[in-house]
């Protein structure tokens, strides 16, 4: 196993967990997290508030639940006989934590904003380019090497996403700004995954989620106030949408991804996140009665196939 692989195999509290049971649990959490996050675009569309205000409430309303999770996790850790972290977190670790919060704030703000200037399909497709940025960042910043099979899986899965969104894609000059924001969203999310992947060697899932989310909320608040968007939902159903975004997609979905990043490589995790787009399409069909065509089923199958290939490619390089 590579040094990077050892770091990312660190479990909650920094304890190395490389057995197959931990790997299987992490892979299950990753899949569940990606599928859960597929609800995000639907909930954003149903929200009574503007895009930036919705993004702010997604993280702000999640803070009490994350604090409770962190407190319970800390209590469980102190009462157990498990090994403690290999070293104390440093100022540099906390600086990286703040950077993770910044990247996630950028991800939410630019993606929600892009939905105002381009189609959901365009924005989603460009935002799912995160595997490219994660793979490139891992190579340039951390000198990681990837097998040809893994890279083929990445390309295959991204092509599948294009097929999945194919009928809805609309390329035109008046959507270029929104498309650009969608591309920037993918860069922000890729950067977020790289930083969280490093943090998980020294912080538990609950601490990582609580601190990074707090930073994200602090950054999004002034942006939301500057946007002039309303901050208060008018109906109980409106608050229900916001709470669903906070508790289901953020605490649940994003928390599951953060857990998986302690055991799986960031590059593979970013590829598996393409399942989010698959889930969004099928949920839109079920909840919003949007048409589901044969090509979308083909695209979903290609995405899943690409993820399987990428997983085998990462295992062949010892990135488990």
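So, restricting to helices (runs of 4 or more DSSP H) that lie completely within the stretch 1-48, which ones have at least 3 residues that are modelled with pLDDT of 50 or more and more than 27 Å from residue 143 (Cβ to Cβ)? Show your work before the answer.
Details: elements: 3-8, 20-37, 40-46.
Once the helices (runs of 4 or more DSSP H) in the stretch 1-48 are filtered for at least 3 residues that are modelled with pLDDT of 50 or more and more than 27 Å from residue 143 (Cβ to Cβ), what remains is 20-37, 40-46.
Among the residues in the stretch 201-216, are any surrounded by fewer than 24 Cβ atoms within 10 Å (Cβ to Cβ), in a helix (DSSP H, G or I) and free of Cβ contacts under 8 Å to residues at least 60 places away in the same chain?
No, the stretch 201-216 contains no residue that is surrounded by fewer than 24 Cβ atoms within 10 Å (Cβ to Cβ), in a helix (DSSP H, G or I) and free of Cβ contacts under 8 Å to residues at least 60 places away in the same chain.
So is residue 170 surrounded by fewer than 19 Cβ atoms within 10 Å (Cβ to Cβ), in a helix (DSSP H, G or I) and either modelled with pLDDT under 80 or touching a strand residue (DSSP E or B) at 6+ places or on another chain (Cβ under 7 Å) (or both) or not? It would help to see each step written out before you state the result.
Working: surrounded by fewer than 19 Cβ atoms within 10 Å (Cβ to Cβ): yes; in a helix (DSSP H, G or I): no; either modelled with pLDDT under 80 or touching a strand residue (DSSP E or B) at 6+ places or on another chain (Cβ under 7 Å) (or both): yes.
No.
Going by what's in this entry, would residue 125 be described as modelled with pLDDT under 90, under 25 Å from residue 56 (Cα atoms) and assigned to a helix (DSSP H, G or I)?
Working: modelled with pLDDT under 90: yes; under 25 Å from residue 56 (Cα atoms): yes; assigned to a helix (DSSP H, G or I): yes.
Against the criterion (modelled with pLDDT under 90, under 25 Å from residue 56 (Cα atoms) and assigned to a helix (DSSP H, G or I)), residue 125 qualifies.
Report yes if some residue within the stretch 242-262 is more than 15 Å from the chain's Cα centre (by Cα) and within 30 Å of residue 140 (Cα to Cα); otherwise report no.
Looking only at the stretch 242-262, we keep the residues that are more than 15 Å from the chain's Cα centre (by Cα), and these are 242-244.
Then drop every residue that is not within 30 Å of residue 140 (Cα to Cα), which leaves none.
No - not one qualifying residue is present in the stretch 242-262.
Every residue, every condition in (1) touching a residue at least 12 places away in the same chain (Cβ under 8 Å); (2) surrounded by fewer than 17 Cβ atoms within 10 Å (Cβ to Cβ); (3) in contact with a strand residue (DSSP E or B) (Cβ under 9 Å, 6 or more places away or on another chain); (4) under 17 Å from residue 58 (Cα atoms), yes or no:
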{"residue": "244", "(1), (2), (3), (4)": "yes, no, no, yes"}
{"residue": "249", "(1), (2), (3), (4)": "yes, no, no, yes"}
{"residue": "260", "(1), (2), (3), (4)": "yes, no, no, no"}
{"residue": "267", "(1), (2), (3), (4)": "yes, no, no, no"}
{"residue": "271", "(1), (2), (3), (4)": "yes, no, no, no"}
{"residue": "287", "(1), (2), (3), (4)": "yes, yes, no, no"}
{"residue": "295", "(1), (2), (3), (4)": "yes, yes, no, no"}
{"residue": "309", "(1), (2), (3), (4)": "yes, no, no, no"}
{"residue": "314", "(1), (2), (3), (4)": "yes, no, no, no"}
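So residue 71 passes all but one of these: (1) at pLDDT 90 or above; (2) touching a helix residue (DSSP H, G or I) at 6+ places or on another chain (Cβ under 8 Å); (3) surrounded by fewer than 22 Cβ atoms within 10 Å (Cβ to Cβ). Which condition number does it fail?
Condition not satisfied by residue 71: (2).
The values are calculated or read from the model by the stated rules, or taken from the named source; none is laboratory data. Because the structure is predicted, anything quoted here is derived from the model rather than measured. Neighbour counts are summed over all protein chains in view; Cβ atoms, including those assigned to glycine, are modelled from backbone coordinates with ideal geometry.
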